[in-house]
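Colleague: What follows is a structure written as structure tokens; I'll ask about it next.
The values are calculated or read from the model by the stated rules, or taken from the named source; none is laboratory data. None of these values were measured; they are calculated from a predicted model. Glycine also receives a Cβ, built like all others from the backbone with ideal geometry; neighbour counts cover every protein chain displayed. Accessible surface is based on the protein model in full, side chains and every heavy atom, while ligands, DNA and RNA are left aside. Shrake-Rupley method; radii C 1.70, N 1.55, O 1.52, S 1.80 Å.
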Amino acid sequence: MRKLLSLILAGAIAAGATAQNFDNTFTDATLRLDCIFGGKVTGDSTQCTILLDGMAELPGWAGRKNRLKELPLEGNGQVTVTDERGDTLYRTSFSSLFHEWLATEEAAATPRGFQNTFLVPMPKEPVTVEVKLLDNRHRPMAAMSHRVDPADILIAKKGTSHVTPHCYIHRSSRPDKAIDVAIMAEGYTVEEMDSFYRHAAIAVESILNHEPFKEKADCFNFVAVASPSLDSGLSIPRLGEWRKTAVGSHFSTFYSDRYLTTRDLQSMHDALAGIPYEHIIILANTDEYGGGGIYNSYTLTTARHRDFRPVVVHEFGHSFGGLADEYFYENDALDETYATDVEPWEPNLTTLHDFGSKWQGLLAPGTPVPTPAAEADKWSVGVFEGGGYRFKGIYRPADECRMRNNTYPTFCPACRAALTALINFYTE
């Protein structure tokens, strides 16, 4: 009995030694790090650099206070906060437009820089923040480490005044546990904000009508942020139309006409300073079709197009859930976004190199792997070839899904399971 009691006590001491209390390490504030990712592709070599552009302190911390040392997903990049002893205090992950640019023809000819902004809890004592970029085989491409002293007088204070007008569309009954999503106006003048608020309400309704968001609605706060633009509408380069808008977004990103993004992430975060947020949806005041979603960065979608509802849900699947596109092109089998000799980090794609880490547990007994397309009606969850823009070598969980097209009404079971796991990660 005495030996058993000693073992129990030793286990309790070990658990207490490894447990992390948020309030012992961090304050109720946010440390914002503005970085520049730069690079060029030379032959088979990718030259990348990460530079710190500035830091700011924001009031309040809207992120998680549990599971601080765990990554939500692996992502294409990671942020790690360590104390002076080298112990990990906080980790998160992300993707970036910079990663996508590296696969373009321009990257082989002209070096460019891309803004990226990261939010971490404000430490009580000096820490080191490391930002690391990974390639499509999960190998490090570049890293930056910076020692942050919270007493540094050059950490700007933002969000204490001139806060952008905003109102909540949906509130959780558990504000201390909720995931805070900010919905920003882009291309709306001050006089058009009534339209923006209507569009923001439609976006929230559309998201919460999809499982698992519907079942987990009480895990979210959605706040509409009326960030004003000088011009109404959006920049459409192929039409020669350029407008002065809140975050300078435009179509034709990387010369793909429907790809809608912004590179002005600092203005985006400036507009949100003083408002609790973890995830960002930007609504564009145009009926031109397009959108984009980047994991743990932002969703950007057009609010006046007839497909607004399914598109905002699809793009939120990218930016919040880290879900990959499940569509593919038969004439583009050599797309280099995903390497077929390693497992993608996104939960809804597999190369079968480590299928056990994906949706294998959702397969019905007898499901063939891979699953023939001709048997799509037989299996609600399978392993269907084609996804991540590639016709061969990449597999998706279902024949149809919200992550494959705008007409299918739901996320497939594997995507729903992945989204549920991520919501639980942030809120439990």
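Colleague: Return the only residue of Val163, Val131 being at pLDDT 95 or above, of a type in the set (A, V, I, L, M, F, W, C), surrounded by 19 or more Cβ atoms within 10 Å (Cβ to Cβ) and under 22 Å from Met55 (Cα atoms).
Modeller: The unique qualifying residue is Val131.
Colleague: Also, quick follow-up: Can you tell me which residue is farthest from the chain's Cα centre (by Cα) among those in the range 340-350 that are surrounded by fewer than 17 Cβ atoms within 10 Å (Cβ to Cβ) and touching a residue at least 60 places away in the same chain (Cβ under 8 Å)?
Modeller: My answer is Asp341.
Colleague: Moving to a separate point now. Scan the range 65-98 residue by residue and report those that are more than 20 Å from Leu349 (Cα to Cα), in a loop (DSSP other than H, G, I, E, B) and in contact with a helix residue (DSSP H, G or I) (Cβ under 8 Å, 6 or more places away or on another chain).
Modeller: Correct list: Lys65, Asn66, Arg67, Leu68, Glu70, Asp83.
Colleague: Please state which of the following conditions Ala107 fails to meet, knowing it meets all the rest: (1) more than 26 Å from Pro344 (Cα to Cα); (2) open to solvent by less than 10 Å² (accessible area, probe 1.4 Å); (3) not in a strand (DSSP E or B).
Modeller: (1)
Colleague: Find the residue count for the range 356-370, including only residues that are more than 22 Å from Trp345 (Cβ to Cβ) and not hydrophobic (A, V, I, L, M, F, W, C).
Modeller: Residues flagged as more than 22 Å from Trp345 (Cβ to Cβ) and not hydrophobic (A, V, I, L, M, F, W, C) within the range 356-370 amount to 4.
Colleague: So which of Glu400, Glu428 is of a type in the set (D, E, K, R), under 22 Å from Asp377 (Cβ atoms) and open to solvent by 50 Å² or more (accessible area, probe 1.4 Å)?
Modeller: Only one candidate qualifies: Glu400.
Colleague: Only one of (1) assigned to a loop (DSSP other than H, G, I, E, B); (2) open to solvent by 50 Å² or more (accessible area, probe 1.4 Å); (3) out of contact with any strand residue (DSSP E or B) (no Cβ under 8 Å at 6 or more places or on another chain) fails for Arg238. Which number is that?
Modeller: Among (1) assigned to a loop (DSSP other than H, G, I, E, B); (2) open to solvent by 50 Å² or more (accessible area, probe 1.4 Å); (3) out of contact with any strand residue (DSSP E or B) (no Cβ under 8 Å at 6 or more places or on another chain), Arg238 violates only (1).
Colleague: I'm trying to understand the selection: among the residues of the range 351-397, which are assigned to a loop (DSSP other than H, G, I, E, B), hydrophobic (A, V, I, L, M, F, W, C) and without any contact (Cβ under 8 Å) to a residue 40 or more places away in the chain?
Modeller: Of everything in the range 351-397, those that are assigned to a loop (DSSP other than H, G, I, E, B), hydrophobic (A, V, I, L, M, F, W, C) and without any contact (Cβ under 8 Å) to a residue 40 or more places away in the chain turn out to be Leu363, Ala364, Val369, Ala376, Trp379, Val381, Val383.
Colleague: Could you say whether any residue in the range 263-271 is of a type in the set (A, V, I, L, M), assigned to a loop (DSSP other than H, G, I, E, B), under 30 Å from Pro175 (Cβ atoms) and at pLDDT 95 or above?
Modeller: There is no residue in the range 263-271 that is of a type in the set (A, V, I, L, M), assigned to a loop (DSSP other than H, G, I, E, B), under 30 Å from Pro175 (Cβ atoms) and at pLDDT 95 or above.
Colleague: For the range 195-214: of the residues being in a helix (DSSP H, G or I) and aromatic (Phe, Trp, Tyr), which is most open to solvent (accessible area, probe 1.4 Å)?
Modeller: In this case the residue turns out to be Tyr197.
Colleague: Among all residue pairs at least 6 apart or on different chains, which show Cβ distances below 6 Å where the first residue, located in the range 243-260, is touching a residue at least 40 places away in the same chain (Cβ under 8 Å) and the second is open to solvent by 20 Å² or more (accessible area, probe 1.4 Å) and part of a loop (DSSP other than H, G, I, E, B)?
Modeller: Pairs that qualify, where the first residue is touching a residue at least 40 places away in the same chain (Cβ under 8 Å) and the partner is open to solvent by 20 Å² or more (accessible area, probe 1.4 Å) and part of a loop (DSSP other than H, G, I, E, B), are Arg243/Asp231; Val247/Asp264; Phe254/Thr104.
Colleague: Being of a type in the set (Ser, Thr, Tyr) and either more than 21 Å from Cys415 (Cβ to Cβ) or more than 19 Å from the chain's Cα centre (by Cα) (or both) is the filter here; which residues of the range 299-326 pass it?
Modeller: Matches in the range 299-326: Thr302 only.
Colleague: Let me ask something additional. Within the range 180-203, can you find the residues that are of a type in the set (A, V, I, L, M, F, W, C), within 20 Å of Ala273 (Cα to Cα) and in contact with a strand residue (DSSP E or B) (Cβ under 8 Å, 6 or more places away or on another chain)?
Modeller: Within the range 180-203, Val181, Ala182, Ile183, Met184, Ala185, Met193, Phe196, Ala200 qualify.
Colleague: Separate question: Identify, by number, the condition in (1) open to solvent by less than 50 Å² (accessible area, probe 1.4 Å); (2) within 20 Å of Phe114 (Cα to Cα) that Val311 doesn't meet.
Modeller: All conditions are met except number (2).
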